[in-house]
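Just below is one structure, and these are the notes that go with it.
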Amino acid sequence: MLIDKSQLKIFVLRLADDALVIAHRLSEWCSHGPSLEEDLALTNVALDYMGRARMFYGYAAEIAGDGSTEDTYAYDRDCRDFTNLLIHELPRGDFAFTMARQYLVDEFNLAYMELLQQSKDPTLAAIATKANKEGLYHLRRSRKWLLRLGDGTAESHNRLQQAMEDIWGYTTELFEMDELEQAIVEAGIGVNAIHLHPQWKQRVTATLTEATITVPSSDWAVTGGRKGIHTEALGHILSDMQFLQRAYPGQQW
Amino acid sequence: MSEEEILFQQRIDAELKVEPKDWMPEKYRQNLIRQISQHAHSEVIGMQPEGNWITRAPTLHRKSILLAKIQDEGGHGLYLYSAAETLGISREELVQALHSGAAKYASIFNYPALTWADMGAIGWLVDGAAIVNQISLQRTSYGPYARSMVRICKEESFHQRQGYHIMMVLMQGSQEQQAMAQDALDRFWWPSLMMFGPHDAESANSTQSMKWKIKRKSNDELRQKFIDQSVKQAEVIGLKIPDPALKWNKAREHYDFGKIDWDEFARVIKGDGPCNRQRLQHHIRTHNEGAWVRDAVAAYEAKHKKQPTRAA
Ligand SMILES: [Fe+2]
Ligand SMILES: [Fe+2]
């Protein structure tokens, strides 16, 4: 089955938006880290995601072939045009919240990128290979933090448990597939996220158990990111991020 | 002078490096701790004005460069804290001294980063001034400090270039962008000159520091070098240095420049700069907010070290 260019572009932009929005949240930690070492480590991860976003946007621009650039996608679109999954845009919260989110996303991304490496689309496969290498390091780090916080002090344990409760309902969306992504999978280009769920659940459960954290119950779920139905937090990300481009349109920087 | 002190000075005069285990006069040690820790704190506090622009950087490319640059500065802070620790003081003590006000950081960071052009001015001028100073410190007499300067200088020249490039692109842009760049230069020029410290005649710590070769060049020499290089760089991209007295002096082969407002310098150091309170409070707040994380790491490590390991 073949897919057309506009479908492919929409798919690539989804992956780009995911990476950009979480990079933004991670970058907010710069000069706010719990230690100087951790400040630098968070920036490292932010830089990796930023790099990933730029590769995906660059590829989307190439597919579009209409003069779009990585920056027009990042800076000229409004809230409803962004299609990142909601988990990435949630405010950074405390360090427990940031690491809880990061761990859940890292587990997902590593599995996702591993499969995307086999995409019939060579550009996506190449980006996925790079992302996969970085992802191994990201996951090792975030998993270690979950153990330390979960099995650290009573305070860190409680903060991490609370963070998990607050994030859990946003993980459902990671494993949703719509018609477009189904078509992309059938064309041998994308990844069927539904298939990733059992292993993800198993690995997350193992880590949380080791971290003495209770796996939250899956009795709530918020979705909508792929349709541009966001939390209210995204608009504020954009008003920060896009300020200069909006105030001085059409300039070089 | 004691015999030890005489020998120490002889080694310094022979350009031999002092290493952590060597005997050194207590004042040499104290002087170095003061200077290295002030340098380390400056790197770390300096992350704030630039960090303030990460989420608002105008392109993804600029955003990545800025993030990497600030990360470098944090890394510089780390090397320098380690260099200070070789003198027998802990990082916790150094940070406490910053929080109590006993230790200083570069006063330039008490000025606000108001527009995007400030990212250009800071990289170009503030990192530029830092490099001029740090190049001379690559030959400082204390080994760990000298070696950390070698490492740091390599990264600083990239910082300076990216800042200058921001200014250059703005100067090639719209009138508003050009005005933004000029305004940033106007605000950061004089504070950058103050980064080199008081004139040699008024510099309290200088004479002994030069004798011990902690400092290798005087404040005024370094300042002059910085002015000479910056004037040309400004001209090339069409920026005007905000100093009507600036003039090439053929006889000296240097630029003459106007009077530095040392009252302002004193005012800002004393605490009346636009951002003194915010900078310090940001650091204290972040440090305190991170306490539970650091406690968690300590608790986790204690628990997992205790687990009995059975001998084979
Ligand atoms: Fe630095
Ligand atoms: Fe620098």
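Applying 0.36 nm per residue to the separation of residue B:10 and residue B:236 and subtracting their alpha-carbon distance, the gain on full extension is 76.7 nm.
Please compute, over every Cα-Cα pair in the range A:5-247, the percentage with a separation greater than 34 angstrom. Show your work: numbers first, answer last.
Numbers: 3517 of 29403 pairs.
Roughly 12 percent, rounded to a whole number.
For the options A:49, A:75, A:57, a Gaussian network treatment of chain A with springs between C-alpha atoms closer than 10 Å singles out A:75 as fluctuating the most. Peptide A:39-50 has a mean shielding of 4, counted as Cβ atoms of other protein chains within 10 Å of each residue's Cβ. Looking at the range B:146-175, none of the trypsin sites (Lys or Arg not before Pro) sits in a DSSP loop with at most 15 other Cβ atoms within 10 Å of its own Cβ.
Label point of residue B:190 set 7 angstrom out along Cα-Cβ; within the range B:217-246, amide nitrogens under 16 Å from it belong to B:241-246. How far is it, in nm, from the label point at residue A:158 to the one at residue A:239 when both lie 7 Å from their Cα along the line to the Cβ? Using points 7 Å along Cα→Cβ, the separation is 3.3 nm. Please say if the range B:50-142 is rounded, prolate or oblate, where rounded means a/c under 1.5 for a ≥ b ≥ c the square roots of the C-alpha gyration tensor eigenvalues, and otherwise the choice is prolate for a/b larger than b/c and oblate otherwise? It comes out prolate by the Cα gyration axes.
So which trypsin sites (Lys or Arg not before Pro) in the range B:1-31 pass both tests, a DSSP loop state and at most 13 other Cβ atoms within 10 Å of the Cβ?
Details: sites: B:11, B:17, B:21, B:27, B:29; in loops: B:17, B:21.
Passing both the DSSP loop test and the Cβ count: B:21.
Per-residue shielding of B:69-76, expressed as the average number of other chain Cβ atoms within 10 Å of the residue Cβ, stands at 4. Spatially, the range A:109-145 and the range B:1-65 are offset by 39 Å when compared through their Cα centroids.
What dipole magnitude, in Debye to the nearest 20, does the range B:222-312 give about its Cα centre under +1 on Lys/Arg Cβ and -1 on Asp/Glu Cβ?
Working: 18 positive and 12 negative charges, 109 e Å.
With Lys and Arg at +1 and Asp and Glu at -1, about 520 debye.
The H on the amide N of residue B:142, modeled in the peptide plane, is under 5 Å from the matching H of B:18, each at least 5 residues off or on a different chain.
Would you please classify the overall shape of the range B:232-310 from the alpha carbon gyration tensor, given that a ≥ b ≥ c denote the square roots of the eigenvalues, rounded means a/c under 1.5, and beyond that prolate means a/b larger than b/c while oblate covers the rest? Could you put the intermediate results ahead of the total?
Numbers: a/c = 4.45, a/b = 2.74, b/c = 1.62.
Prolate.
Taking every residue in A:19-29 and counting other chain Cβ atoms within 10 Å of its Cβ, the average works out to 2.
Using the alpha-carbon atoms, what tilt in degrees (0 to 90, nearest 10) does helix A:36-64 show relative to the longest principal axis of chain A? Orientation of helix A:36-64: about 30 degrees from the principal axis. Taking each of B:211/B:247; A:120/B:63; B:21/B:303; A:133/B:305; B:27/B:215 in turn, the alpha-carbon distance tops 25 angstrom for B:211/B:247; A:120/B:63; B:21/B:303; A:133/B:305. Each label was represented as a point 7 Å from its Cα along the Cα-to-Cβ direction; for residue B:208 and residue A:182 these points are 8.0 nm apart.
May I ask you to derive the FRET efficiency for residue B:154 and residue A:251 from their Cβ-Cβ distance with R0 = 41 Å, giving the value to the nearest 0.05? Don't skip to the answer; put the middle values down first.
Working: r = 32 Å, r/R0 = 0.78.
Working from the Cβ atoms, E equals 0.80.
Spin-label model, residue A:197/residue B:302: points 7 Å from Cα along the beta carbon direction are separated by 4.3 nm. Expressed in units of 2.2 N^0.38 Å, where N is the residue count, the Cα radius of gyration of the range A:113-253 is 1.30. Run the paramagnetic zone check for residue A:165: 7 angstrom along Cα to Cβ, then residues of the range A:206-250 with backbone nitrogen under 13 Å. Within reach of a label on residue A:165, which here means backbone N under 13 Å from a point 7 Å along Cα→Cβ, the range A:206-250 contributes A:214-217.
Measuring r between the beta carbons of residue A:217 and residue A:123 and using R0 = 41 Å, the FRET efficiency lands at 0.55.
In the protein assembly as shown, the alpha-carbon atoms span a convex hull of 189 Å³ per residue. Here the range A:239-253 is scanned for amide nitrogen atoms under 15 Å from the site 7 Å beyond the Cα of residue B:175 along Cα-to-Cβ, giving none.
When chain B is modelled as a GNM with alpha-carbon springs shorter than 10 Å, which of B:53, B:189, B:248 fluctuates the most? Between B:53, B:189, B:248, it is B:248 that shows the largest mean-square fluctuation. Ranking B:282, B:242, B:125 by Cα position along the charge dipole of chain B, where only Lys, Arg, Asp and Glu carry charges on their C-beta atoms, puts B:282 farthest toward the positive end. Given R₀ = 35 Å, what would the calculated FRET efficiency be for residue B:270 paired with residue B:86, taking r from the Cβ atoms and rounding to 0.05? Efficiency at R0 = 35 Å is approximately 0.65. Overall shape: oblate for chain B, with the ratio a/c of the largest to smallest alpha carbon gyration tensor axis at 1.5 or above and b/c at least equal to a/b.
Highest GNM mean-square fluctuation among A:37, A:114, A:186, for chain A modelled with Cα contacts below 10 Å: A:37.
When both the range B:200-233 and the range B:108-145 are represented by their alpha-carbon centers, they are found 14 Å apart.
Within a straight-line Cα-Cα reach of under 20 Å, residue B:240 can be paired with the following aspartates and glutamates, leaving aside sequence neighbours fewer than 8 residues apart in one chain: B:118, B:127, B:176, B:183, B:186, B:228, B:256, B:261. If you look at the Cα atoms of the range A:183-235, you get an Rg and a Dmax of 15.5, 42 Å.
If the segment from residue B:229 to residue B:22 were pulled out straight at 0.36 nm per residue, it would be longer than the present Cα-Cα gap by 70.7 nm. Taking 24 Å as the straight-line reach from the Cα of residue A:227, the lysines in range (excluding those fewer than 8 positions away in the same chain) are A:5, A:9. Using 0.36 nm per residue and subtracting the Cα-Cα separation, the extra length available between residue A:144 and residue A:62 on full extension is 25.7 nm.
Every number here is computed from the coordinates shown, using simple stated rules; none is lab data. Keep in mind the model is a prediction, meaning the values are calculated, not measured. Here Cβ is always computed from backbone atoms with ideal geometry, including for glycine, and neighbour counts include all displayed protein chains.
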